[in-house]
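A.B. asks: Structure below; questions to follow.
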Amino acid sequence: MRVLDVAAVSAWSAACVHSLSVLRPAIDGINVYPVADSDTGSNLLFTMTAARDALAEAEPATAAEALSAFAKGAVAAAKGNSGVIMSQVVRGIAETAAARELDGPGLAEALGCADRAATGAVSRPVAGTILTVLHTVAAAVRDATGPLEEVAAAAAGIAAEALEETPKQLPVLAVAGVVDAGARGLVAVLDALYGVISGGLTEPDHPLEAHHHHTIEAPTAWEVMYLLDGVDETSLPGLRKTLSGLGDSVTVAGDGAGAYAVHVHCADIGAALEAGIELGRPRRVRVEPLITPTPVEVGGGIDRSVVAVVHGGPLAELLRAEGVAVLSVPHGVEPTVEEMLGLINEAAGHHVTVLPGGQELTAAADAAAGHAMAADRDVVVIPCVSPVQVLAALAVHDQDRRTNDDVVAMAEAAAATRRGELRIAQEESLTWVGRAQAGDVVGLVDGEVVLIEPAPASETSLVAAAVGVLNRMLALGGELVTVLTGLDAPVRLPGELADQLRLEHPEVEVTSYAGGQTGAVLLMGVE
């Protein structure tokens, strides 16, 4: 059975360089910030050329040694976010080759290892990029048992198909009319691998040129890259967190031998270097101006976006179904600066309106809106202290309205929405309406406790408490009640509550959704 040997690895390295050199101008033309580096094709070519040269100097005796030298050369010379990720693709394949021969099943296992290595190096993976294509390939060939040529052909073909899907997975790609630049480079690398193994040349035709021209502005940030030696691996999560607070496109990628390639787009060069100095020995420092195009603005089309950041998976899916880009973070966790910048910068259009589903999420959104890495966007944060206010704002959003008018309408709708909650008391506490014991059902209106239903909580007591809260809210008027159920809410609770409200308030429309929140059994909004 055929396996990947030293000669094949050497031929693959040369084929990668040849393919990327041919495609470089076209890949560089896919310049959609922040999905791609401003010169992704050049960065990929530089990285893989250095890797090929390192392999040529190593004179390896086995395929494992050849791939190890190839990977170390790629990590050491990795340029740009795309170069760092590609170096981890090669590293993952090399690590598998160290343990087994790369026949068909071995290549399938190697692609899975490459997927894990590349994804693990990136602080905030983004759907619709090179990582998505790599993951699709790895998942598709995971259980492959065929010969090497068959698995290589499948990997290249699946990568090409996944590449065509990237505009559907990331709005800025769809608006610009392009596929992901880094992913196109990965397709070229897998095509080259299949070409070497099969003895033929494969170069599928893929759209590479943008449909719109972008105006290039002066740099407002920097791309900082360096190699870091002598660092304790346990400190890497802290390094990623620090860098994520400075900007975006954070990668910390190892070569398997103790060195790490560090990459970040940020406005503070000194802080990015100091983060490395505190943990190890930075070397081969490279700083380049981050020249980014103006966010895509299409005449008569998408010139602005509305995005949201919320707690709760079901709520996030509800918003995505409405066409809103959503950042979903676990309960009790605040989003990082990089996550918020990603949400803002990956939105289509120059104007971005952010709807945060909580007070702490509003603070995080405000911090990102004023960050230097979002300076080329017109970002407006509409303060919301509850997800029901997010839904109220979206209900009045009108893409055809003037931007300022639309923002005002959403802000007014959010502010006019009264919010209620049902919670289960976790411990004894003294409230404005009396003492609550652990297990009691506590009802709140606009953050203030207004009623207590004694434990134990049941569907009956929860319905009674919810109706009591809503009666207080509806006393001031209201036409629409929105209910978000928490993870611990009884299945029949929304229906029973709606039935009771129809009896007591037939003039009110009731809508219920799964919210997925953990802190409250019910979140309620009155508009």
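A.B. asks: Please state the relative contact order of the chain as a whole percent: Cα pairs under 8 Å, 6+ residues apart? Intermediate results must be reported in sequence, preceding the final value.
C.D. replies: Numbers: 1167 pairs, mean separation 55.4, N = 527.
Dividing the mean separation by the residue count of the chain yields 11 percent.
A.B. asks: Can you list residues whose amide H is under 5 Å from Val379's amide H, if they're 5+ apart or on another chain and H is modeled 1.01 Å from N?
C.D. replies: Here Val352 satisfy the definition.
A.B. asks: As I understand it, the value is the acute angle between the Cα axis of helix 6-28 and the longest principal axis of the Cα atoms of the chain; what does it come to in degrees, rounded to 10?
C.D. replies: In the chain, helix 6-28 runs at an angle near 60 degrees to the longest axis.
A.B. asks: Among Tyr513, Ala347, Leu501, pick out the residue whose Cα is farthest towards the positive end of the charge dipole of the chain, where Lys and Arg carry +1 and Asp and Glu carry -1 on C-beta, about the Cα centre.
C.D. replies: Ala347
A.B. asks: Using a 1.4 Å probe, what is the accessible area per residue for the chain, in Å²?
C.D. replies: Details: 21310 Å² over 527 residues.
Normalised by residue count, the accessible surface of the chain is 40 Å².
A.B. asks: According to a simple spin-label model (label point 7 Å from Cα along Cα-to-Cβ), what is the distance in nm between Gln359 and Ile269?
C.D. replies: Spacing of the two 7 Å Cα→Cβ label points: 4.2 nm.
A.B. asks: Roughly what % of DSSP beta bridges within the chain run antiparallel, to the nearest 5? Could you put the intermediate results ahead of the total?
C.D. replies: On the way: 46 of 67 bridges.
Here the share of antiparallel DSSP bridges comes out near 70 percent.
A.B. asks: Hey, could you get me the Stokes-Einstein D for the range 353-462, Kirkwood radius over alpha-carbon pairs, 4 °C and 1.567 mPa s, rounded to whole µm² s⁻¹?
C.D. replies: Working: Rh = 16.1 Å.
This corresponds to a translational diffusion coefficient of 80 µm²/s.
A.B. asks: Right, something else. If I model a spin label as a point 7 Å beyond the Cα along the Cα-Cβ vector, how far apart are those points for Glu278 and Glu412 in nm?
C.D. replies: Roughly 4.7 nm, to one decimal.
A.B. asks: Rounded, prolate or oblate: which fits the chain when a ≥ b ≥ c are the square roots of the eigenvalues of the alpha-carbon gyration tensor, with rounded for a/c under 1.5 and prolate only if a/b beats b/c?
C.D. replies: Values: a/c = 2.23, a/b = 2.02, b/c = 1.11.
Prolate, since a/c reaches 1.5 and a/b exceeds b/c.
A.B. asks: Nearest 20 debye, what's the magnitude of the dipole of the chain about its Cα centre given +1 on Lys and Arg Cβ and -1 on Asp and Glu Cβ? Write out the running numbers ahead of the final one.
C.D. replies: Working: 30 positive and 68 negative charges, 125 e Å.
It comes to approximately 600 debye.
A.B. asks: Taking all protein chains as present, what is the carbon and sulfur share of the accessible area of the chain, in % to the nearest whole number, probe 1.4 Å?
C.D. replies: Details: 11210 of 21310 Å².
Within the chain, the accessible surface is 53 percent carbon and sulfur.
A.B. asks: Something else about it: When you count, for each residue, the other Cβ atoms within 10 Å and take the mean per peptide, how do 232-244, 271-283 rank with the highest first? Intermediate values should be presented prior to the final figure.
C.D. replies: Numbers: 232-244: 15.8, 271-283: 17.7.
Result, highest mean first: 271-283, 232-244.
A.B. asks: Restricting to the range 322-480, compute how many DSSP beta bridges are antiparallel as a %, nearest 5.
C.D. replies: Numbers: 13 of 17 bridges.
That works out to approximately 75 percent antiparallel.
A.B. asks: If you don't mind, there's one more thing I want to ask. About its Cα centre, how strong a charge dipole does the range 409-527 have in debye, to the nearest 20, once Lys and Arg get +1 and Asp and Glu get -1 at the Cβ? Working shown, then result.
C.D. replies: Working: 7 positive and 17 negative charges, 19 e Å.
The calculation lands at about 100 debye.
A.B. asks: Pop a pseudo-label 7 angstrom from the Cα along the beta-carbon direction at both Val396 and Asp366 and give the gap in nm to one decimal.
C.D. replies: That separation, rounded to one decimal, is 2.1 nm.
A.B. asks: Ignoring ligands, DNA and RNA, how do Thr336, Thr129 rank by accessible area with a 1.4 Å probe, largest first? Before the final figure, lay out the partial values.
C.D. replies: Working: Thr336 55, Thr129 20 Å².
Ranking Thr336, Thr129 by accessible area, largest first, yields Thr336, Thr129.
A.B. asks: If each DSSP helix of 4+ residues adds -39,500 (n - 2.57) and the sum is divided by the residues in the chain, what number results at 222 nm, nearest 500 deg cm²/dmol?
C.D. replies: Working: 18 runs with 249 residues, N = 527.
That calculation yields -15000 deg cm²/dmol at 222 nm.
A.B. asks: Follow-up question, since we're still on this one. Starting from the amide H of Ala267, placed 1.01 Å from N in the peptide plane, find each other amide H under 5 Å away whose residue is 5 or more places distant or on another chain.
C.D. replies: Trp222
A.B. asks: While we're here: Rounded, prolate or oblate: pick one for the range 1-94, where a ≥ b ≥ c are the square roots of the eigenvalues of its C-alpha gyration tensor, a/c under 1.5 means rounded, and failing that, prolate if a/b is larger than b/c, else oblate. Don't skip to the answer; put the middle values down first.
C.D. replies: Values: a/c = 2.34, a/b = 1.99, b/c = 1.18.
Here the range 1-94 falls in the prolate category.
A.B. asks: Once phi is turned into ³J(HN,Hα) by the Karplus curve 6.51 cos²θ - 1.76 cosθ + 1.60 with θ = phi - 60°, what whole-Hz value does each residue of the range 318-333 show in order, with x for glycine and proline?
C.D. replies: With coefficients 6.51, -1.76 and 1.60, one gets 4, 5, 4, 5, 8, x, 9, 5, 10, 9, 9, 10, x, 4, x, 10 Hz.
The values are calculated or read from the model by the stated rules, or taken from the named source; none is laboratory data. The structure presented is a predicted model; accordingly, all values stated were derived computationally and were not measured. Positions of Cβ are backbone-derived with ideal geometry, glycine not excepted, and every protein chain shown enters the neighbour counts. Side chains are part of the model used for accessible areas, which takes the heavy atoms of the whole protein and leaves out ligands, DNA and RNA. Shrake-Rupley method; radii C 1.70, N 1.55, O 1.52, S 1.80 Å.
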